[in-house]
């Protein structure tokens, strides 16, 4: 009898957690499921899965990509980590690559594609979208600098301009110029409309690194 590869699932939505377990259980040994990425390291030490399938935004706001970095930094290629997300947050993809995760996929993928993605990652391939998460209307987000994205994030987190300027170690005048440039690049006429657009479409998830 061939031993099945072991998988751990981290997903804070109970229904989706169960659906993932059902979808994968015929082909893999689901050694455990949990709702918060905070438990990733401890559960890995206990169950030693071959692959961790983790949501990005989990219970209590724990970022699956951030906690995956801790596991990858310690165990490297002993474990494969595949992130799954339902929101097109503009930093998730680059962060997942930077932290040496093995892939990132979207929750709207079908069962067949999910199984294929997992099998490829277990074979040693990395799996990332070729086109980030950008739809045609949001393609322009790729032209923003890291600091510009940080400014948008701060605004979406309802921080005032003095607080943002202090956090980024820039003057209020420089911040005003940054905001003006951001609005020009993204083709918005005021920051309120941009904030609503980013939050309602999931391009910024507040309080994520």
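Bear in mind that the values in this text are calculations on the coordinates, not laboratory data. Not measured: the values here are computed from a predicted model. No Cβ is skipped: glycine too gets one built from the backbone with ideal geometry, and neighbour counts run over all protein chains shown.
Key figures for this structure:
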| item | result |
| --- | --- |
| Cα long-axis angle, helix 172-186 against the chain (0 to 90 degrees, to the nearest 10) | 60 |
| Cα-based helix-to-principal-axis angle, 191-200 vs the chain, degrees rounded to 10 | 10 |
| Folded to 0 to 90 degrees: helix 14-24 orientation relative to the chain principal axis, Cα | 50 |
| Cα centroid separation, the range 142-166 to the range 69-131 (Å) | 27 |
| Relative packing of peptides 19-25, 141-147 - highest average C-beta neighbours within 10 Å first | 19-25, 141-147 |
| Value of relative contact order over the chain, rounded to a whole percent, pairs C-alpha under 8 Å and six or more apart | 16 |
| Pair residue 161, residue 125: separation of 7 Å Cα→Cβ label points (nm) | 5.0 |
| Antiparallel DSSP beta bridges within the range 1-137, as percent of all bridges there, nearest 5 | 5 |
